[in-house]
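The values are calculated or read from the model by the stated rules, or taken from the named source; none is laboratory data. Owing to the predicted nature of the structure, the values given are computational and were not obtained by experimental measurement. Backbone-built Cβ (ideal geometry, glycine too); neighbour counts: all protein chains shown.
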Amino acid sequence: MTENGATYQDDLEPDGSVRDEKCIAYLRGHIIQVHKALSAGIPVRGYFVWSLLDNWAHGYGKRFGLVYVVYKTLKRILKASAHWYAHVIATGTLEGPKGTGQKAGF
């Protein structure tokens, strides 16, 4: 099993969305490598994105979860990466849902 994630400066947009294209690109690159490992016969049994929620790991500065947490109210907002990752899981492709700017990839 493997997991990974990265920190970025995510911002809540005026329309209430969080567009985290850098995170999508990062995850996409790692998923491609997991696919290559599987194709080479390496027994990968699981892949997990770290972490589900933004938290205090970097002093509440940079964020790294798939879900944006509004710390003042604790409201949770699915980031673009969460929608993209859900689509990857559902379809088995790296082509993201409309609006994420991602192309097919395996």
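Quick notes
- Members of segment 69-93 that are surrounded by 13 or more Cβ atoms within 10 Å (Cβ to Cβ), among the hydrophobic types (A, V, I, L, M, F, W, C) and assigned to a helix (DSSP H, G or I): ALA80, ALA82, TRP84, ALA86, VAL88
- Being at pLDDT below 75 and either part of a strand (DSSP E or B) or buried (at least 17 other Cβ atoms within 10 Å of the Cβ) (or both) holds for only one residue in GLY96, GLY101, GLY65, and it is GLY96.
- Here segment 1-59 is the region considered, the condition is being acidic (Asp, Glu) and touching a residue at least 12 places away in the same chain (Cβ under 8 Å), and the residue that is surrounded by the fewest Cβ atoms within 10 Å (Cβ to Cβ) is GLU3.
- Among the residues of this structure, GLY16 counts as one that is of a type in the set (Gly, Ala, Ser) and part of a loop (DSSP other than H, G, I, E, B).
- Looking only at residues in segment 19-50 that are within 12 Å of PHE64 (Cα to Cα) and assigned to a loop (DSSP other than H, G, I, E, B), the one that is modelled with the highest pLDDT is ASP20.
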